[in-house]
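What follows is one structure encoded as structure tokens, with my remarks underneath.
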Amino acid sequence: MLHIRRLSLAPVLALVVLTACTRPAENGDKAADTKSTTVATANGKAITTEMLEVLAQATTGKPLSEATPEQKEQMTEQLINVALAAQEAERSGEAKTPEMRARLDLLQMQLLSQSASEKFNETHAVTDAELAAEYDARVAALPKEYRVRHILVEQKDVAESLIRDLKGGGNFAKLAAAESKDPVSAPNGGELDWSTLNNMLEPFANAVKALEVGAVTPEPVQTRFGWHVIQLEEVRAPQAPEFEAVKDRVKALVQQKKFQTHLDEVRKTSKVQKS
């Protein structure tokens, strides 16, 4: 069943309009077939089927043609209330205040900007090659994942002693199980889950990044938890999502980039001043 959320007045309707403009154009052909007619007036202000179409698309994601008579009536009442409230604001001079003018100007720019972006996308189709290139670039930019062991102790000299033991042939997992103060990793020989450098504390991450696989930190590493002796076990590329699973998102990214490139060119021939 099609549901319509109750909306407050003008501020929310402005958001609804923006939402409608940024919503994927599902059922767009059906919406385009709706001819604009007046369904009600509020002190002479026409409430049109075009307004109802925008409201229906924004609140339900479906065209007005799929709304029930009851739902159409509810949306009509909402728009009448919005129109009456807007007229009250105009009579009180609210529409002429600097703040309101700025908000209206910003809303208009956002709507027109979105319209320009949509028209640009219609005439500048994204190619399969562009999609593949963007996907490959995003995958290549994914951070590497590291699997490490560590031994956490409270004193630096204890950590230094452990490093000497390891250099002498000591077994890292056994030393971690016996000496580490980390209650989670110690029973597993100090082994931590796979993680990216961004998810590690900075001193710890910097030490891991500098290690070769199999190597142990030559000096103890201090974090707020204490002193660490770290061994890098393995490095791997992250598991990337399948292309088909993210194809729509990739397409949106390519469209954004192409439109931004277009705007950059427009800006070169535009008069832009900053005060």
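The values are calculated or read from the model by the stated rules, or taken from the named source; none is laboratory data. Everything numeric in this text was worked out from a predicted model, so none of it was measured. Here the Cβ is made from the backbone with ideal geometry for all residues, glycine too, and neighbour counts use every protein chain on show.
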- Is one or more of the residues making up the range 267-274 of a type in the set (Gly, Ala, Ser), over 26 Å from the mean Cα position of the chain (by Cα) and either surrounded by 11 or more Cβ atoms within 10 Å (Cβ to Cβ) or at pLDDT below 95 (or both)? no
- Query: Do you know which of the residues in the range 212-228 that are free of Cβ contacts under 8 Å to residues at least 40 places away in the same chain and out of contact with any helix residue (DSSP H, G or I) (no Cβ under 8 Å at 6 or more places or on another chain) is farthest from Ala173 (Cα to Cα)?
  - Reply: Arg224
- Please tell me if Tyr146 is closer than 20 Å to Ala186 by Cα, within 28 Å of the chain's Cα centre (by Cα) and not basic (Lys, Arg). yes
- Message: Considering only the range 164-184, I want to know if a residue exists there that is under 18 Å from Arg236 (Cα atoms) and either loosely packed, with under 15 Cβ neighbours inside 10 Å or among the small types (Gly, Ala, Ser) (or both).
- Response: no
- Query: Restricting attention to the range 85-99, which residues are surrounded by fewer than 14 Cβ atoms within 10 Å (Cβ to Cβ) and either over 33 Å from the mean Cα position of the chain (by Cα) or of a type in the set (A, V, I, L, M, F, W, C) (or both)?
  - Reply: Glu88, Glu90, Arg91, Ser92, Gly93, Glu94, Ala95, Lys96, Thr97
- Only residues that are of a type in the set (Asp, Glu) and either over 18 Å from Thr41 (Cα atoms) or touching a residue at least 40 places away in the same chain (Cβ under 8 Å) (or both): list them for the range 59-110, please. Glu66, Glu70, Glu94, Glu99, Asp105
- Provide a single number: the residues in the range 198-248 that are within 32 Å of the chain's Cα centre (by Cα), in a strand (DSSP E or B) and surrounded by 13 or more Cβ atoms within 10 Å (Cβ to Cβ). 2
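Determine whether Ala137 is surrounded by fewer than 17 Cβ atoms within 10 Å (Cβ to Cβ) and either in a strand (DSSP E or B) or at pLDDT below 90 (or both).
Considered against the rule, which asks whether it is surrounded by fewer than 17 Cβ atoms within 10 Å (Cβ to Cβ) and either in a strand (DSSP E or B) or at pLDDT below 90 (or both), Ala137 comes out as no.
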- Those residues of the range 250-274 which are in contact with a helix residue (DSSP H, G or I) (Cβ under 9 Å, 6 or more places away or on another chain) and closer than 19 Å to Ala132 by Cβ, in sequence order: Val250, Lys251, Leu253, Val254, Gln255, Gln256, Lys257, Lys258
- Query: Which of the residues belonging to the range 47-84 are in contact with a Lys or Arg (Cβ under 9 Å, 6 or more places away or on another chain), within 24 Å of Ala95 (Cα to Cα) and buried (at least 21 other Cβ atoms within 10 Å of the Cβ)?
  - Reply: Leu52, Gln78, Ala83
- Message: Can you say whether Lys181 is under 23 Å from the mean Cα position of the chain (by Cα), outside any strand (DSSP E or B) and at pLDDT 95 or above, as far as the supplied structure shows?
- Response: no
